[in-house]
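A short worksheet on the structure shown next.
Read-outs: derived from the displayed coordinates by stated rules, not from any lab. Model, not experiment: these values are computed from the prediction. Glycine gets a Cβ as well: all are built from the backbone with ideal geometry, and neighbour counts include every protein chain shown.
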Amino acid sequence: MKRLEWNRKTASAFAVAAALTIVLAFALSPKEITIAENITLNPIVWTFQRPNDDVLILDKLNSTYADGISVNMYVLILEYFNASQFRDADDYLEISMAINATTSNPDGYIESIHVVAQKDQKSIVEWLETSLKLENLSLVAWAEGDSRSRQAYIKLAGVDHTCSVHAKVLMKWFLLTPETQPHQLEIAYEITYYNGTAYNKIVQPFQLNIIGRE
């Protein structure tokens with residue numbers, strides 16, 4: 001009889017523990033955000049013909065936005081590296097990206113910033129991890145785009161409901177084809193912020209077009 005009573009108490013204790021685990025899991029799971037307004041800005045397009053030598057480019061694609069939040073962002077194409085003189089090497093572009101964002105309302109804050117790169121499957125995107133510089137942001141997820149995937153991304157979250165953030169990173173875009181072949185890379189900044197009353201999301205696309213050399 002005592003053993004049966006002990007088993008019942010043990011089972012009850014396990015049930016309570018399981019229930020607490022479920023409650024904690026729900027409490028600690030990421031909150032769902034309802035976006036009141038999605039704003040996609042006009043894409044900024046850059047086109048470049050593949051050269052037969054290394055080229056220092058330094059073309060800077062700038063974008064700004066100001067309506068409830070002040071955002072300054074850019075994609076800076078630094079250099080084209082031609083690997084034709086090296087065995088088992090690929091041409092690549094070195095690209096720098098940076099963003100600054102500050103909410104206008106002192107009760108507002110930056111929820112997250114995602115940098116998403118969509119590419120073709122005959123190229124590779126690699127982030128230079130040591131180049132990542134963050135202010136009031138934490139790294140949530142990171143993925144590079146190999147020849148089997150179409151997307152690379154960096155996902156950042158605002159720290160302590162901060163109203164001002166900064167991020168900067170370097171990327172290498174490897175082209176796995178002969179110099180006669182074209183390529184395209186689409187980079188998007190996705191900024192989600194709270195303006196004091198609701199969450200809004202801003203998307204700024206950049207499109208990089210590489211033309212094959214004749």
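Descriptive notes on the structure:
- Out-of-range pairs (alpha-carbon distance over 22 Å; input K122/K168; K119/K168; K133/K172; K122/K201; K60/K201): K122/K168; K122/K201; K60/K201
- Ranking of M97, M171 by count of other Cβ atoms within 10 Å, fewest first: M97, M171
- Listed from fewest to most Cβ neighbours within 10 Å, the set H166, H183 follows the order H166, H183.
- Simple spin-label estimate for R150 and L176 gives 1.5 nm between the two label positions (7 Å along the Cα-to-Cβ direction from each Cα).
- Other residues with beta-carbon under 14 Å from the beta-carbon of N38 carry, at +1 per Lys or Arg and -1 per Asp or Glu, a net charge of -3.
- Loop-located chymotrypsin sites (Phe, Trp or Tyr not before Pro) across the stretch 64-119 with a Cβ neighbour count of 16 or fewer within 10 Å are F86, with loop assigned by DSSP.
- Estimated FRET transfer efficiency when R0 is 30 angstrom, pair V140-N52 (beta carbons, to 0.05): 0.15
- Label point of N100 set 7 angstrom out along Cα-Cβ; within the stretch 68-86, amide nitrogens under 19 Å from it belong to 68-77.
- Ratio of Rg to Rh for the stretch 37-211: 1.01 [Cα atoms; Kirkwood radius as inverse mean 1/r over pairs].
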